[in-house]
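> Could you have a look at this structure, given as structure tokens, before my questions?
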Amino acid sequence: MNKTEDDFETLRDYNDYLEQVEEINWNLILNIDVDATWAKLRKFEALQKAEQEAAARKGPALKDDVDGGFVIRGLKKRVAPPVEAPFDPFGGYTIAPQYYVLQDNYDVDWYARMKKDSAHLVGGHSLQDYCSRTLREAFGGLGVFVEDEITAREAPSMSMDADVGTEHAAAAAMNGRDAIMDDIF
């Protein structure tokens with residue numbers, strides 16, 4: 001008798017169930033109507049076995065004559081849990097490139113030579129991975145810098161806009177002085 005509140009349709013039904021459980025416990029502890037209490041427990045056991053067999057067969061709901069006089073009212077209908085999706089270590093995040101399309105082959109002289117060069121055919125080296133990494137590094141920062149430029153252009157009220165940094169760089173270049181690049185450590 002281990003039902004929880006989630007197994008019942010209403011709180012009243014759950015409380016009635018708890019009252020039945022308490023009554024059975026106290027009857028057995030205090031030796032009151034022991035034979036009738038054990039008969040009630042046997043009926044509950046038969047009900048549980050019939051319910052498990054019906055669930056195993058995935059048959060229809062139990063009929064009232066199966067319970068043999070012992071009834072727990074207000075139980076929710078059992079619903080099979082949804083099929084669990086396969087584990088995704090990235091949580092739905094895709095690592096597909098956004099700024100380029102990786103092709104299977106490139107029609108370039110140096111790439112054709114690399115495909116035939118024995119130094120590039122060793123184990124652990126993949127020309128496809130090489131191309132993927134090269135394109136990722138070439139286009140990887142594009143979104144960040146373009147986004148910053150657009151933000152600076154659309155918000156002219158800010159004290160730091162894109163033109164200010166460019167003007168200071170041009171002024172420093174006109175002086176002809178070298179920048180001091182001492183290591184602070």
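> Expected output is a single nm value to one decimal: the length gained when fully extending between ASN105 and TRP26, i.e. 0.36 nm times separation in residues minus the C-alpha distance. What is it? Don't jump to the answer; show the numbers that get you there.
Details: separation 79, 0.36 × 79 = 28.44 nm, distance 8.02 nm.
Gain on extension, ASN105 to TRP26, equals 20.4 nm.
> Okay, moving on. Apply 1/(1 + (r/R0)^6) to the Cβ-Cβ distance of HIS120 and ILE150, taking R0 = 45 Å, and write down the FRET efficiency to the nearest 0.05.
Details: r = 40 Å, r/R0 = 0.88.
It comes out at approximately 0.70.
> On to the next question. Assign one of three labels to the range 1-48, namely rounded, prolate or oblate, based on the Cα gyration tensor with a ≥ b ≥ c the square roots of its eigenvalues; rounded applies when a/c is under 1.5, prolate when it is not and a/b is larger than b/c, and oblate otherwise. Show your work: numbers first, answer last.
Values: a/c = 3.06, a/b = 1.67, b/c = 1.84.
Verdict is oblate for the range 1-48.
> Starting from the Cα of PHE90, step 7 Å along the direction of its Cβ; do the same at GLN48; then give the gap between the two resulting points in nm.
4.7 nm
Quick note: the coordinates plus some simple rules give every number you see, no bench work behind them. Since we're looking at a predicted model, the values are computed, not measured. No Cβ is skipped: glycine too gets one built from the backbone with ideal geometry, and neighbour counts run over all protein chains shown.
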